[in-house]
Amino acid sequence: MKKNYLFLVGFLSLFLASCTTTNPEVSSSVDIESVSSSESISLPEESSAEVEALSVEAYFPFEADVAYSYAGDGNEYVSYQKYPQYYENNRIQYVTKNAGSHFIEVLELEEGAITQVFRRDETYFRENMLDQTRDESSTILLKEPLEIGNNWDNSEITALDIEIETMVGTFPSLEVTTTEKDTITKRYYAEGIGLVKEIYTDTNGSYEMTATLESREEGTAETVVLPTYYPDRNVMGLEVAEVNISFFTNDVTRKVIAELFTHIPGVDYGQVIPEGTQIKSLYLNDDGRVYVDFSQGLVNDLNAGSSAEKLLLQSIVNTIGSYYGVEEVVLTVENAPYKSGHIEMNEGEPFYVEINSVLE
């Protein structure tokens with residue numbers, strides 16, 4: 001179904017991405033709770049110095065654990081949510097979600113400018129991409145000096161103190177106007193808040209779409225619904241539940257998923273991996289496969305017969321495959337092919353997502 005939105009993604013990239021150039025069915029009656037990781041990457045230390053007025057930092061604050069929501073008008077897909085997934089030094093990674101698509105962008109603060117240095121469309125999983133840079137994604141969003149008439153590429157600061165009314169208050173805002181071919185986009189940034197409104201139209205003024213800040217919640221996690229598989233109580237097949245997983249800024253995906261596998265909330269028999277087993281690495285590779293490496297405890301402490309072991313491994317593969325949207329998962333233990341008394345895999349041999357064993 002995601003492919004149905006490819007046209008929309010290209011359209012919204014102009015409006016939502018600030019670019020000047022360029023599951024299987026699941027069911028469960030379980031009352032699911034949220035899962036989050038208690039371990040995370042260290043956040044940058046807050047500076048004791050006040051942000052100087054009329055600096056890009058003032059209008060583009062990099063903050064962790066702040067969820068933004070924008071109400072749209074003029075198109076059903078203009079409304080969107082935005083969350084800072086990773087933040088370190090002078091870079092921050094946001095995910096933007098609307099009704100049809102998710103995309104990732106990495107912003108960099110450097111030499112008085114905020115630049116989008118990386119963008120990845122159609123991204124429905126969480127992975128740290130702070131070190132990524134893509135020339136074709138490089139777009140300056142705001143640049144000093146912050147004064148009327150300052151311009152770069154196709155953008156220009158056209159106002160400094162416009163009162164913008166939003167659902168969370170009225171803010172004096174800086175206006176940036178971007179003109180491309182037949183489109184005009186105006187973006188409004190408020191000091192200490194960031195983006196508060198976008199207006200998108202054509203040069204003829206024949207239509208208009210807007211996105212206005214609807215809520216800004218601090219200390220909030222990003223919530224992801226993940227189809228999670230596990231053997232049924234009688235170990236005859238697999239059951240699946242939609243689990244709400246919570247990620248705060250800089251939470252490590254592999255640790256959150258390992259915690260989920262250790263105990264699925266609300267399911268007293270929902271343990272997929274032995275207690276203390278770690279996921280040592282987890283990533284989507286360029287070959288379209290997901291690679292996941294477990295600690296030795298996955299084999300040493302499994303304590304399961306052949307049938308149960310197959311179901312447990314299938315639970316892992318189905319859950320991870322669903323999260324990343326892939327069919328093949330290469331599962332290793334301490335960087336070696338999976339090997340136990342019942343199952344032995346070859347180097348690079350994948351497990352396959354298989355839902356036929358899911359019980360009705």
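The values are calculated or read from the model by the stated rules, or taken from the named source; none is laboratory data. If you're wondering where the values come from, they're calculated on a predicted model, not measured in any experiment. Cβ atoms come from the backbone with ideal geometry, glycine included; neighbour counts cover every protein chain shown. Areas reflect the complete protein model, heavy atoms only, side chains present, ligands, DNA and RNA absent. Shrake-Rupley method; radii C 1.70, N 1.55, O 1.52, S 1.80 Å.
Can you tell me which residue within the stretch 238-249, out of those that are in contact with a Pro (Cβ under 7 Å, 6 or more places away or on another chain) and part of a strand (DSSP E or B), is most open to solvent (accessible area, probe 1.4 Å)? Among those residues, the one meeting the criterion is Glu242. Step by step: first the residues of the stretch 155-167, then only those that are open to solvent by 70 Å² or more (accessible area, probe 1.4 Å) and either touching an Asp or Glu at 6+ places or on another chain (Cβ under 8 Å) or modelled with pLDDT of 95 or more (or both), then the one that is farthest from Ala190 (Cα to Cα). Which residue is that? The qualifying residue farthest from Ala190 (Cα to Cα) is Glu156. Annotation: of all residues in the stretch 260-273 being part of a helix (DSSP H, G or I) and over 19 Å from the mean Cα position of the chain (by Cα), the one that is surrounded by the most Cβ atoms within 10 Å (Cβ to Cβ) is Phe261. Taken over the stretch 106-124, the criterion of being of a type outside the set (Lys, Arg) and open to solvent by 70 Å² or more (accessible area, probe 1.4 Å) is satisfied by Glu110, Glu111.
In this structure, does Val299 turn out to be surrounded by 22 or more Cβ atoms within 10 Å (Cβ to Cβ) and in a helix (DSSP H, G or I)?
no
Residues that are over 14 Å from Thr319 (Cα atoms) and of a type in the set (Gly, Ala, Ser) were ranked within the stretch 255-293; the one that is modelled with the lowest pLDDT is Gly266. Gln278 - would you say it is open to solvent by 40 Å² or more (accessible area, probe 1.4 Å), in contact with a Phe, Trp or Tyr (Cβ under 9 Å, 6 or more places away or on another chain), more than 21 Å from Arg126 (Cα to Cα) and not aliphatic (A, V, I, L, M)? Judged against the criteria, Gln278 is not a match. Can Glu127 be described as among the charged types (D, E, K, R), outside any strand (DSSP E or B), at pLDDT 95 or above and open to solvent by 10 Å² or more (accessible area, probe 1.4 Å)? Taking the combined requirement at face value, the residue satisfies it. Taken over the stretch 84-115, the criterion of being over 18 Å from Val66 (Cβ atoms) and touching a helix residue (DSSP H, G or I) at 6+ places or on another chain (Cβ under 8 Å) is satisfied by Asn98, Gly100, Ser101, Phe103, Gly112, Ala113.
Screening Thr223 with (1) open to solvent by 70 Å² or more (accessible area, probe 1.4 Å); (2) among the β-branched types (Val, Ile, Thr); (3) part of a helix (DSSP H, G or I) gives one miss only, at (3).
Screening the stretch 184-196 for residues that are among the β-branched types (Val, Ile, Thr) and open to solvent by 20 Å² or more (accessible area, probe 1.4 Å) and picking the one that is nearest to the chain's Cα centre (by Cα) gives Ile193. Exactly one residue out of Thr170, Thr133, Thr212, Thr201 is within 25 Å of Asn250 (Cα to Cα) and hydroxyl-bearing (Ser, Thr, Tyr), and it is Thr133. A residue that is open to solvent by 30 Å² or more (accessible area, probe 1.4 Å) and either among the aliphatic types (A, V, I, L, M) or outside any helix (DSSP H, G or I) (or both) occurs nowhere in the stretch 307-321. You will find that of Val235, Val252, the residue that is of a type outside the set (Asp, Glu), modelled with pLDDT under 95 and either surrounded by 14 or more Cβ atoms within 10 Å (Cβ to Cβ) or touching a helix residue (DSSP H, G or I) at 6+ places or on another chain (Cβ under 9 Å) (or both) is Val235 and no other.
Residues in the stretch 95-105 that are open to solvent by 20 Å² or more (accessible area, probe 1.4 Å) and under 11 Å from the mean Cα position of the chain (by Cα): Lys97, His102. Close contacts from the stretch 330-359, counting a first residue that is surrounded by 16 or more Cβ atoms within 10 Å (Cβ to Cβ) and a second that is among the aromatic types (Phe, Trp, Tyr) and in a loop (DSSP other than H, G, I, E, B), with Cβ to Cβ under 7 Å and a gap of 6+ residues or different chains, come to Leu331/Tyr338; Thr332/Tyr338; Met345/Tyr338.
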